[in-house]
1. Just a yes or no: is a residue in the range 17-29 under 22 Å from the mean Cα position of the chain (by Cα) and not charged (D, E, K, R)?
2. I need the full set of residues from the range 72-87 which are touching a Ser or Thr at 6+ places or on another chain (Cβ under 9 Å) and over 14 Å from residue 38 (Cβ atoms), in order please.
3. Output the qualifying pairs, or none if there are none: Cβ atoms under 8 angstrom, residues six or more apart or on different chains, first residue in the range 150-167 and on the phi < 0 side of the Ramachandran plot, second residue modelled with pLDDT under 90 and outside any loop (DSSP other than H, G, I, E, B).
4. What tally of residues in the range 8-21 results from selecting those that are surrounded by fewer than 12 Cβ atoms within 10 Å (Cβ to Cβ) and over 15 Å from residue 81 (Cα atoms)?
5. Looking only at the range 22-40, which residues are touching a residue at least 40 places away in the same chain (Cβ under 8 Å) and surrounded by fewer than 16 Cβ atoms within 10 Å (Cβ to Cβ)?
6. Does residue 5 satisfy being acidic (Asp, Glu) and exposed (fewer than 10 other Cβ atoms within 10 Å of the Cβ)?
7. Select from the range 88-120 the residues that are aromatic (Phe, Trp, Tyr) and free of Cβ contacts under 8 Å to residues at least 40 places away in the same chain and write down the one among them that is nearest to residue 4 (Cα to Cα).
8. Within the range 41-151, which strands (runs of 3 or more DSSP E) (wholly inside it) include 1 or more residues that are under 24 Å from the mean Cα position of the chain (by Cα), at pLDDT 95 or above and surrounded by 10 or more Cβ atoms within 10 Å (Cβ to Cβ)?
Amino acid sequence: LELTDDLDNPSKVYFKVDRDDLYKFQVANADFDGFVKLLLRSYTGLFTNYVQIDEKLLAKRANVSPDLVYEFLCRLRTHHIIDFIPQKKTPFIIFSKERIDMERIKISKENYDDRKRDYLNRIEAMIHYASSGHKCRSQLLLEYFGETESVRCGKCDVCLHMNELNI
């Protein structure tokens, strides 16, 4: 198991309209014409698939700031001309070993029964938490994790209801 920090997910663009509708939009909205042409000249397949784009490269080619490119992309999305997925940096978990086939996994009867019992206990605890109307939600959570000495939080729905009743 590996964790990678800040894996780059570049921006992606897909034209939602066909070429004729895009042309009509460009004629009706001359301020977008140059930017749309820049997109079409810089990338292929925009009408068929999501295409990764480089906002900084577009900004350099248009001689504008990357923020202005981002703004144009957002405005085109607002006009329902494109579908725009902004760039984001996201940590990812990478599984470095192959997944074992279900047929090859062997779990002993005891282990299976233990897991099933634990699962059922967790389900019962969730049901008790959701349906309990007489005990503070924070106290229930703390009890679930083994802490028995706790005071009411005064903020959950149960505590607020008890405060209304002066209990």
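1. Within the range 17-29 (the criterion being under 22 Å from the mean Cα position of the chain (by Cα) and not charged (D, E, K, R)), the answer is no, since none of the residues qualifies.
2. Listed by number, the residues that qualify are 84, 85, 86, 87.
3. 152/162
4. Summing the residues that are surrounded by fewer than 12 Cβ atoms within 10 Å (Cβ to Cβ) and over 15 Å from residue 81 (Cα atoms) in the range 8-21 gives 1.
5. 29
6. yes
7. Of the range 88-120, the ones aromatic (Phe, Trp, Tyr) are 92, 95, 112, 119.
When the remaining residues are screened for being free of Cβ contacts under 8 Å to residues at least 40 places away in the same chain, the result is 112, 119.
Values: 112: 33, 119: 31 Å.
Restricting to residues being aromatic (Phe, Trp, Tyr) and free of Cβ contacts under 8 Å to residues at least 40 places away in the same chain, the top hit is 119.
8. So the answer is 51-53, 82-85.
The values are calculated or read from the model by the stated rules, or taken from the named source; none is laboratory data. Computed from a predicted model, the values in this text were never measured in an experiment. Counting neighbours? That spans all protein chains shown, and the Cβs are built from the backbone with ideal geometry, glycine included.
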